[in-house]
1. When only the heavy atoms of the protein chains count and the probe is 1.4 Å, how do Lys20, Lys320, Lys111 rank by accessible area, highest first?
2. Once you list every other residue whose beta carbon is under 13 Å from the beta carbon of Asp32, what net charge do they have if Lys and Arg are +1 and Asp and Glu are -1?
3. With the crude spin-label approximation of a point 7 Å out along Cα→Cβ, what separation in nm comes out for Glu324 versus Asn125?
4. Could you give each residue of the range 255-265 its phi-based ³J(HN,Hα) in whole Hz, using Karplus coefficients 6.51, -1.76, 1.60 with θ = phi - 60°, and x for Gly or Pro?
5. Output the Cα-based Rg and Dmax of the range 120-271 in Å, rounding Rg to one decimal and Dmax to a whole number.
6. If R₀ is 35 angstrom, what is the calculated FRET efficiency for the pair Asn94 and Glu292, using the beta carbon separation as r and rounding to 0.05?
7. Can you sort Trp174, Trp114 by solvent-accessible area, 1.4 Å probe, largest first?
Amino acid sequence: MMNIIDTFGDGVCCNHGQGKYEVFMDGLLVADGDDFDAMESHFFGNCGDGPQTQKPTGEPTTNATPRPSNATPRPSSAPVPASFDALVGTPACNDIQSICSTAGTSLLDKKEVWGELNPPNTLDNCADGTAGSYLTDESVESVTVVATDSAGNPVEGVLSAGGFAKIKAVVYAWNNGAGSYVDFFKTSDIVSPNWVPLNSGTSPVGQGGLVDVESPAFQLSNTAAIQAVRVGIRFQGSQSPCPTGGYDENDDLVFKVDMTSASDAVMVAVAPPVTASTSSSQEAIDCPAMVEDRCLEATGCYWGRPNASNRNRVRRNENKSCHEL
């Protein structure tokens, strides 16, 4: 198996040009790729074709050979992907490293109603919405947190108390993304999380299908060795750590930070994001494209007969569809 890991989480692209990688074995191309988010794995070869270990000819020795004291540790440049931690109920990284990611693990694919693994994947049991269909309607597909400087540029070091980081995620947005909104949060208390918003939540995704999104750079707490982030996607509505819309989903990611320099960290006071009113932040959406459930939840649309008075819009069943108010 071969793992290729990118600490910034965008594969071998994009700000410095489009790249690619190729892996050859015995002169044959066995793996290649380019844009792979934070991590990609390839399996190749066949262990059954290799040399076979001979059967022992005598009794085993009583004294095992001691492990060398200078065994090479896992290099810090090869982060371990997140795995599900049953103690917290979410994906987590148990090593201190420069990046913590669920990309390539399938841990956050889908919502609970569509077969997500270990739902709801939130510290506080915030539940997913139950409406819609997979890869048609809103969902969070992967979450990554990466060490950065205060401007959001990736750095060589690990995630550190008082240092800066950025959230990168892959989400699925409905239709053209005009009605889908992504929210980012952080917390330094994974037992009783107090979710701090990292963005205003007033700008729609603006693109449909699978979309790469990222938060502004933010400062990690200098008082907690284990911290977490949350990524949520919702249909319209207002920013909330746990929205209740039928198409909404939230997923959390827990990670460890290096506390070595915590006492020296200078915490920067940051003004909270400015949140616009719901009505002024909504962009025009395609009401006629909505099924009944989404139409009934939407702001600015109604389900009924066209060109009918308010009193008669839903009186009869014929010709009902979604229309702009």
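1. Lys20, Lys320, Lys111
2. -3
3. 4.4 nm
4. Per residue, the Karplus-derived 3J(HN,Hα) values read 8, 9, 10, 6, 9, 4, 9, 4, 5, 8, 5 Hz.
5. Rg then Dmax for the range 120-271, in Å: 15.5, 49.
6. Numbers: r = 45 Å, r/R0 = 1.28.
Plugging the Cβ-Cβ distance into 1/(1 + (r/R0)^6) gives 0.20.
7. Values: Trp174 20, Trp114 40 Å².
Largest to smallest exposure gives the sequence Trp114, Trp174.
The values are calculated or read from the model by the stated rules, or taken from the named source; none is laboratory data. Owing to the predicted nature of the structure, the values given are computational and were not obtained by experimental measurement. In this analysis, Cβ positions are derived from the backbone assuming ideal geometry, glycine residues included, and neighbour counts consider all displayed protein chains. The accessibility values were calculated without ligands, DNA or RNA, using every heavy atom of the protein model including side chains. Shrake-Rupley method; radii C 1.70, N 1.55, O 1.52, S 1.80 Å.
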